[in-house]
Amino acid sequence: MNILVTGALGYIGSNTTIKLIESGYKLYLLDNLHNSSIDTLNKIEKITKKKQTFIEADIRDHNEINNILKKYKIETIFHFAGLKSVKESENSPEKYFEVNFEGSKNLIDGLNLQKIKKKIFIFSSSACVYGNPKKLPYKEDHPLSPENAYGKTKLKVELYLKQTSLSNTNWQAIALRYFNPIGAHSSGFLGDNPLNDTPENLMPYISRVALGKLTHLEIFGSDYDTNDGTPVRDYIHIEDLAEGHLAAFNFLKNKKNDVYEEINLGKGKGYSVLELVETFQKINKINIPYEFSKRRLGDISKYYADVEKSKNLLGWKTKKTLEEMCKSSWEFEKKLKENE
Ligand code: NAD
Ligand code: UD1
């Protein structure tokens, strides 16, 4: 089976790539290195002890994508490549449309042209397609109303994937709606390492405060309607998330008929920002100075996943605790520092 992994050197792509290689699959790894480094390829090869085929390419390049799919006779695509900054998406919505939507469309259209019996497409969507919660936990049939340009691109891809897969034959597709992935691979080599100096997301920010690269964490808002006033999210360990992809792939491979599904990948439990900071401090025995500041524009008070569908359909559920997420994030950050 010829499998293409886009965004393979990124945070979620690299961790899933490891699991797929360990399960015996031969992969073609694609990335344009916009938010990753070629060193990640070396780490993947070191961990798995297997040489990989790497293709440096941009998913926006329609002709090149078609050539790659034809040349390697691709039958399955794990599609991680994309831009993920909510803030940047509000400032540059066109760029997000081009990379996240048009790039994905190139892959979906390209796979549709392949003359094969089974076309498998697994797409990295996000919990942000739901928007302001009408009811929690978010079930997959919750109304979809993303609040920002990033979320709108994710929803647009979901709809295009659904339409393409349902109006053509031999399609098996899943949009996986991730909640908040944190943590790192057990080797300590593969984690969330955004290339910008000031990370936007919570865990990379905490880790850099722990290292002393940033002076303190700003907690955006202490007046939310939650247990301690700080926002609540469904944090999921990256290794659990990676295994969720394997479960989705196995589910599709075993199906004889055409399939299109949207499935949450979360733990099904919410933790506040303060709970996360306190857990990080306790398990790693390290102080994280923090200050409260005003709410971040567009932030939602509280959300977490309904995990029944992932359990019933994929036979998958998370195993790792918040403590393990905090510990592995810190191990990863320390290793990065050692290798600087
Ligand atoms: P990441 O930035 O670490 O990885 C994305 C990878 O895609 C990077 O290696 C980057 O170089 C590559 N890329 C970007 N633009 C490209 C292009 N035009 N052509 C080819 N490669 C390109 O991000 P991640 O956290 O691993 O996220 C992976 C996917 O999951 C993204 O689509 C993201 O939107 C989605 N997602 C992430 C989160 C999260 O919290 N990390 C949550 C929900 C959904
Ligand atoms: C957002 C997006 C999500 C996207 C993810 C990764 C929404 C609703 N969610 O998740 O789709 O996939 O980013 O890009 O659009 N926080 C602080 N201080 C910080 C950083 C964060 O207090 O320095 C708080 C935030 O207010 C939030 C929580 O930490 O309550 C988590 O934030 P973050 O890691 O950025 O993820 P989300 O905003 O939940």
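Give the angle, between 0 and 90 degrees and rounded to the nearest 10, that separates the Cα long axis of helix 11-22 from the longest principal axis of the Cα atoms of the chain.
The answer is roughly 60 degrees.
Please work out, to two decimal places, the log10 of the ratio I(q)/I(0) at q = 0.18 Å⁻¹ from a Debye calculation in which every Cα of segment 186-340 carries one identical scatterer.
Treating every Cα as an identical point scatterer, log10 I(q)/I(0) equals -1.14.
Per 5 Å bin, what percent of the C-alpha pairs of segment 1-70 does each bin hold, from zero upward?
Distribution as computed: 3, 17, 32, 24, 15, 7, 1 percent.
Going by average Cβ neighbours within 10 Å, how do the peptides 242-252, 296-306, 132-142 rank, with the highest at the top?
Ranked by mean Cβ neighbours within 10 Å, highest first: 242-252, 296-306, 132-142.
In the neighborhood of Asp228, defined by Cβ-to-Cβ distances under 12 Å, what is the net charge if each Lys or Arg adds +1 and each Asp or Glu adds -1?
-3
Measure nothing but the geometry: give the 0 to 90° angle between the long axis through the Cα atoms of 62-71 and the longest principal axis through the Cα atoms of the chain, rounded to 10°.
It is inclined by approximately 60 degrees.
Between segment 163-218 and segment 293-310, what is the separation of their alpha carbon centroids in Å?
Taking the Cα centre of segment 293-310 as reference, the centre of segment 163-218 is 15 Å away.
To check you understand DSSP bridge types, tell me what percent of the beta bridges within the chain (both residues inside) are antiparallel, rounded to 5.
5 percent
Relative contact order (percent) for segment 61-162, with alpha-carbon contacts under 8 angstrom and 6 or more residues of separation?
35 percent
So what's the gap between the Cα centers of segment 105-143 and segment 1-61, to the nearest angstrom?
Going from one Cα centre to the other spans 21 Å.
Output the relative contact order of the chain, whole-number percent, from Cα pairs under 8 angstrom with separation of 6+ residues.
Contact order relative to length: 19 percent.
Output the direction-averaged projected area (hull surface divided by four) of the convex hull of the alpha-carbon atoms of segment 190-234, in nm².
Computing the convex hull of the Cα atoms and averaging its projections yields 4.1 nm².
Using only helices, what value at 222 nm comes out for the chain when you add -39,500 (n - 2.57) per DSSP H run of length 4 or more and divide by the total residues, to the nearest 500 deg cm²/dmol?
Using -39500 (n - 2.57) per qualifying helix, the result is -11500 deg cm²/dmol.
Counting only Cα atoms, I'd like the Rg/Rh figure for segment 271-340, Kirkwood definition for Rh.
So for segment 271-340, dividing Rg by the Kirkwood Rh gives 1.07.
Would you mind calculating the relative contact order of segment 7-71 from Cα pairs under 8 angstrom and at least 6 residues apart, reporting the percent as a whole number?
It comes to 33 percent, rounded to a whole number.
Which ³J(HN,Hα) values, rounded to whole Hz and listed in residue order, are derived for segment 49-55 from phi using the Karplus coefficients 6.51, -1.76 and 1.60 in 6.51 cos²θ - 1.76 cosθ + 1.60 with θ = phi - 60°, glycine and proline given as x?
Computed from phi, the couplings for segment 49-55 are 6, 9, 6, 10, 8, 10, 10 Hz.
So what's the angle, to the nearest 10 degrees on a 0 to 90 scale, between helix 39-48 and the longest Cα principal axis of the chain?
80 degrees
Give me the orientation-averaged projected area of the Cα convex hull of the chain, in nm², one decimal.
16.0 nm²
Throughout, read-outs are computed from the coordinates displayed, never taken from laboratory work. It should be emphasised that the depicted structure is a prediction, and the values quoted were computed from it without experimental measurement. All Cβ positions, glycine included, derive from the backbone under ideal geometry; neighbour counts span all protein chains shown.
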